[in-house]
Each structure stands twice: as C-alpha cells, then as structure tokens.
Amino acid sequence: MAVNLKRSSGVESDGGRTSRRRMLGWLAGAGLLGSAGLSAVSNFLFIKPRATYGQPQRFSVGKPEDFPSGTRAILAVRGICIIREGSKLAAISTTCTHLGCTVGSADTGFACPCHGSRFDQDGNVTGGPAPRPLPWFQITLAPNGEIEVDKDIEIAPGSYLTL
Amino acid sequence: MSRPTPPKSSLLATLMDVPKNVWNSIFRNPLPSNDLERSATTFTNFFLHIHPVKVHKNSLRPAYTFGLGLISFFLFVILTVTGILLMFYYVPSTTQAYDRMLDLRGTVAFGTLLRNMHRWSAHGMVAVVFLHLCRVFLTGAYKKPREFNWVVGVILFLLTLFLSFTGYLLPWDQLAFWAITVGTAIAGYAPIVGKDIQFLLMGGTSVGQEALLRFYVLHVAVLPAILTLMIAIHFWRIRKDGGLSRPADADPSPSLEAMENAVAPKASVLEPKKLYGLQGLVRGPLTKVGQVPDNTVFSWPNLFLAELFTFVVTLSAILILSLIFNAPLEEPVNALHPPNPAKAPWYFLGLQEMVSYSAFWGGIGMPTIFVLLLLGTPYVDRSPKGVGKWFSRDRLLTNTIFIAFVVANIIFVIIGTFFRGANWSFVTPW
C-alpha cells in the first residue's frame, strides 16, 4: 500500500494565458458555490414563516364604566394595564421591555419577576436592567361606546384619553 | 486463521459447524492471547478501530484526565438512547406536551425512570463537559498541534448548552415557557440580525405552538446531528494529533539512529516524486517504522477495560440518581404570570444574573467575549511549555486568568441560586 504524492501537472499556464482546464475549473467551482449559496438562501426562506398566528393587536376592553376612577386593572390576557384617573384613561403594556416577561403590579408601580426590573405607576424605569419605559398604547372610544386599544400604535407616555 | 474444513459429503458436519462459522464470520479474531492478536482485534473491529493499537501509559493515568471526555461521551450515548425512547410518547404540542409528561409519570412503564435518566444525564453532561474543558485548559492540552481540536471542543460545549436549553423547553411547563420567552428575547438583543433570529426561533412574533415545534426539531434532530458530527471530528483529531497530550518527558528519548527511522515527516516536506508507505505519512510518535523504546501498552485490554469501567460507573451513577431523585416538572404553562422568581436551571443562573444587569452585555456581549477568549487561547498562547501537567508552574499566569473567570462565573451562579428572591431582588438565604 503506498500513496503517490506526485502532483498532477495538467494545469500549466503558458505565457499568461489561462488554460482551458483552469477556466473550466473556475466555472465549475463558481457553479458549486453558487448552488450552495442558493440552497442556503432557500432554506432560510423556507424556515421564515410567511403567516404567523397570534392574538389580534387591536381589541376592545369594555365600557368606560367598567373602570371606575382610580382603577389600575391588569388585563393579563391582553398584556396591558388599564388606568383610569378621573375622566382620563390609558393603556400601558405589561410586557417587560427587558426580556419579555410579564410584569406584575407592585406597591410603587410594576415589578418584573425574571430579572428585577422596576417601573413606576406610569411605566417609567425606576430600577433594574429594563432599557425603556413600558410603552403606552393608543386608546380610543369606539362608536359603540367601548374602549378600544391598539397595541400596534405606541403613544407618548402621559397622553391620556379624556372622556 | 486455519480452521478444519468438513468433508464435502457430510451435510451434518456442515450444519454442526454453522454456529462456529457464523461466529467466525462476524469476529475475525479469537479472544486475544498474544500481542499480534491484540493488535489485530483492535484494528479489525469496527467499534474498536477508532482506538490506537497501543496507547501511551500517560493517557491511562486516571489522575491526568479523570476520564471526563469519555464520561461526556457516555452521557451523550445515554441521552440519545433515553431521548429516542421518550420520543415514542412525546408530542410537541402546546396542548399535549404537558399531559404527556404526566403520562410518562403515571401510566408509561419506566416512564419516570427514563425521564429522570434523561434529565440527570443532561445536567451531568453540562457539568462534565465543562470540567473536561477545565481539565484540557489546566493541563495546557490545547497547545500545538491540538489547537483546532480545542476549537472543536469549545463548539461541543456550546452545542451541549444549546441542547440542554432546547431540551428543558419541551415539557411546556412554566420553566419552559418563560425560558423560551427570555431566551429568544436575549437573541433579539444581538446586533443587526438579532430581531430576525428571534423571529426565526419563535416562528412568529409571540411564543407559542410554532416556537415549541421549532425547539423540538432543534433538540431531537438538528443539534444532535451537528453534535454527533463534531464528536466524530473531535475523536478523529485526537488520533491524528498524536493521542492525548502528555509532558515532553513522558517519552524516553530515543537514540539518534532510531529517531531517523521513527519521526514521520510533515506532508509539506515530503518529496512529491517519491512513493511513501502509509506509515511514513502518519504523524505522531505512536507510529514507528523502526524499533524505538516507548511508554505504550496495548489497548486490549488496558484501554478497553478502563473505558468499560468508566461506562459502568457513569451508567450506575445516572441510574442511582434517577431512582432517588425525580426530574422536576413545574406547573403547566401560564402565559399570564411568570413564576416569581422565575429561575433558570443552575447552569444558566450565572447568565441570568448577568442578564439582570444588562440584557445586551449579560446575554450577548460577555458570553461572546468569553467564547472568543476560549477560541483564541491556543492561537495567542504559543509557548510549548507546561503541556501535560496539572497546574504547571510554566502556565501560572494563563491558568490563573482562566481560574479567575471560572470562579467569577461560579460566584454569579451562587448569587443567582441562593441570593435572589421574589422580583429578583437580593435576599439572604439564612
């Protein structure tokens, strides 16, 4: 059993001209690499879902009289907290801006059980690793008199819906 | 192998010989009784031929390796077998997964035992792979020519962590749901591609059925396949890099004449126009052309008995643990309320503690720096000194830095485990 290490000497460029064999070699190599790249891209497109399933981002949460003045009601299913002070209404997100856990209500506002982020009554960060305040969502009064929240539209903290 | 051939006419004699002939057709060699047969058995048996015929005495010293690499591999074997068995009952569905866990506990024969074995082997594998990494570092075994095998080893360590992460999501209990939520959110902090990776991992914008299915496929197919390939490369390279690392003075210095016969040249210095025997190409001092004194012994039975012993001890330990302790199962998923505090398994608590200071630096920045430091070590530390000895004086600085990192991580794990209470605020455990 022996191994012949002698190199194939078929690829000889003569006088700067590219030999046919080398040219074909380059083309074949480029073709293989290109196919590999294409299949990688198509695999990526395949695992990236086009349709996603989730909850509607826009929903109604009930009549204003369901939330008497002074209410801070966490609607866990919707991931929001409805606040009513006098005639002013707001919807604050209860999804922690740090890593997505659900915050709970605490004496001073909101607190996250996963990594200890703390927020005040208005969702401003008062401690912990959260990088941003809890977002406020657009809240409107629908024609049928129900409160409608749209989680796709963030509004400036402190902007209430006045009834 | 000369065996008596029966007379052609005797059908009975042929039939009588069938068991013996079947046996001999499977096993090419008799049970070894001399060195030639020991060699032949090792390299003609499929399962044994991954081993060298002769192995260095230093590689067999229990106090050098503690068998950690081998234990990691055996744990992986146990995990594969128990994992495949669990797949017969598991359904990756948000409505069924948890009930299937309860079924494993309540109605499936040996269900609890298998789940326990799978869980404790997984914990064990994370721990042992990490200890193996420490052993290789502290003995300087990553040095030339083993740099790339160290890189493969670091990748194996990361794959082990990913496998264990994707695994504990599958019961779809509280731990699972909030771990996916947090884990994918950490991925979202990666620069540029973070949000895309998060979306791909979750298969949508929120954690649910798609995310569970994706992590299931990663856990039972994608990651084990990559891990298996990497293990194969890891083992192959151990052989090609000249066996396990050992101190330079572990081999007797041969005479000059013997050296000339024994040292195999690098392929790059071989004459292209000459014919070489295969032995001339194999690197490392274990393949010899001439008669050179060495410190090797035959793998059969020395190495194989040691491996069998390690396997029996590993399996027994996992069995005993699994008979005594049940694998944890938290409450079923409640997407509205995370448990308070919501804690990861122990080996991720250091990460969770770091993440509780900064999501980017704790979850992406620092881990990336750690991994890059690990990967870069053999290419920065080029000194050939101190290979093959625990805590060598020549490696005082390197080892000290490494141990400092390890201790820091252990402190983070301890803080996360014992000093964090509700809302992840500081508590004292006493």
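The values are calculated or read from the model by the stated rules, or taken from the named source; none is laboratory data. Not measured: the values here are computed from a predicted model. Positions of Cβ are backbone-derived with ideal geometry, glycine not excepted, and every protein chain shown enters the neighbour counts.
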**Q.** Members of the range B:90-104 found to be within 21 Å of B:PRO345 (Cα to Cα) and surrounded by fewer than 17 Cβ atoms within 10 Å (Cβ to Cβ), listed by number
**A.** B:LEU102
Q) If we scan the range A:122-134, do we find a residue that is touching a Leu at 6+ places or on another chain (Cβ under 7 Å) and away from chain B (no Cβ under 14 Å)? A) yes
Q) Considering the range B:155-175 alone, what residues qualify as being within 14 Å of another protein chain (Cβ to nearest Cβ) and touching a Phe, Trp or Tyr at 6+ places or on another chain (Cβ under 9 Å)? A) B:LEU175
(Q) Among (1) assigned to a loop (DSSP other than H, G, I, E, B); (2) at negative phi; (3) surrounded by 12 or more Cβ atoms within 10 Å (Cβ to Cβ), there is one condition B:GLY386 misses while meeting the rest; what is its number? (A) (2)
Q) What number goes with the only condition from (1) under 18 Å from the mean Cα position of the chain (by Cα); (2) at pLDDT 90 or above; (3) not acidic (Asp, Glu) that A:MET23 does not pass? A) (1)
Q.
hydroxyl-bearing (Ser, Thr, Tyr), away from chain A (no Cβ under 14 Å) and under 29 Å from B:LYS143 (Cβ atoms): which single residue out of B:THR417, B:THR398 fits that description?
A. B:THR398
(Q) Quick check on the range B:360-370. Is at least one of its residues within 14 Å of chain A (Cβ to nearest Cβ), assigned to a loop (DSSP other than H, G, I, E, B) and within 30 Å of A:CYS81 (Cα to Cα)? (A) no
Q: Give the residues of the range A:135-153 that are part of a strand (DSSP E or B) and either more than 14 Å from chain B (Cβ to nearest Cβ) or surrounded by 14 or more Cβ atoms within 10 Å (Cβ to Cβ) (or both), sorted by residue number.
A: A:TRP136, A:PHE137, A:GLN138, A:ILE139, A:THR140, A:LEU141, A:ILE147, A:GLU148, A:VAL149, A:ASP150, A:LYS151, A:ILE153
Q: Taking A:THR97 as the residue in question, decide whether it is within 11 Å of another protein chain (Cβ to nearest Cβ) and either without any contact (Cβ under 8 Å) to a residue 60 or more places away in the chain or over 30 Å from B:THR94 (Cα atoms) (or both).
A: yes
